[in-house]
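Below is one structure, written out as structure tokens; comments come after it.
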Amino acid sequence: MMSNLASALILHKRIQTTDAKGKELRGFVERLVTYAKQGDVHSRRLIQKKIKGKRAKQIANILIHNIAPTYENRNGGYTRLIKMNNRKNDNASVSLIEFVDMSPTVIDVETDSEKEKGDSKE
């Protein structure tokens, strides 16, 4: 599960998940970025070992060539966890996890007022 969440975060630069998953994901992704900053073959293989599936090579390339150069002078703290409202269905606390100092490519976050406007049935 961490592999899938990390892949989504690396591809989209920000994702929405529960607080507990976000806190676990933060350490997982920060280790991957630290590996990517080294940029050698061993680091690439360690990243591909942690990321499961067909996209492991693509994720490793994105980490090493796009994300790691952004954090070249930073020692840790590559992700940010922003707490949001509770989920409507099961009242689980939801957070937004994103990379610090990176602009997201896809924003799928809607406010509660926007959701209520679209769901109104008369």
- Item | All positions within segment 69-103 that are more than 14 Å from the chain's Cα centre (by Cα), surrounded by 14 or more Cβ atoms within 10 Å (Cβ to Cβ) and under 13 Å from ALA36 (Cα atoms) | THR70, TYR71
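In segment 26-43, what count of residues is obtained for those that are in a helix (DSSP H, G or I) and more than 18 Å from the chain's Cα centre (by Cα)? Break it down into steps so the answer makes sense when it comes.
Residues of segment 26-43 in a helix (DSSP H, G or I): 26-38, 41-43.
Next, from what is left, pick out any that are more than 18 Å from the chain's Cα centre (by Cα): 38, 41-43.
Here the count works out to 4.
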- Message: LYS23 - would you say it is part of a helix (DSSP H, G or I) and closer than 28 Å to LYS83 by Cα?
- Response: yes
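Take the conditions at pLDDT 90 or above, over 19 Å from ALA36 (Cα atoms) and either hydroxyl-bearing (Ser, Thr, Tyr) or within 12 Å of the chain's Cα centre (by Cα) (or both) and apply them to SER120. Does it pass?
Details: at pLDDT 90 or above: no; over 19 Å from ALA36 (Cα atoms): yes; either hydroxyl-bearing (Ser, Thr, Tyr) or within 12 Å of the chain's Cα centre (by Cα) (or both): yes.
No.
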- Item | Within segment 88-110, tally of residues that are at pLDDT 75 or above and in contact with a Gly (Cβ under 9 Å, 6 or more places away or on another chain) | 5
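Being in contact (Cβ under 8 Å) with a residue 40 or more places away in the chain and either at positive phi or not in a loop (DSSP other than H, G, I, E, B) (or both) is the filter here, so list the residues in segment 44-76 that pass it. Give the derivation first.
Taking segment 44-76 first, the residues in contact (Cβ under 8 Å) with a residue 40 or more places away in the chain are 50-53, 55, 59, 62-63, 67, 76.
Selection gives LYS50, GLY53, ILE59, ILE62, LEU63, ILE67, GLY76.
The values are calculated or read from the model by the stated rules, or taken from the named source; none is laboratory data. Please read these numbers as outputs of a predicted model, since none were measured by experiment. Please note: Cβ atoms are built from the backbone with ideal geometry, for glycine as well, and neighbour counts cover all protein chains shown.
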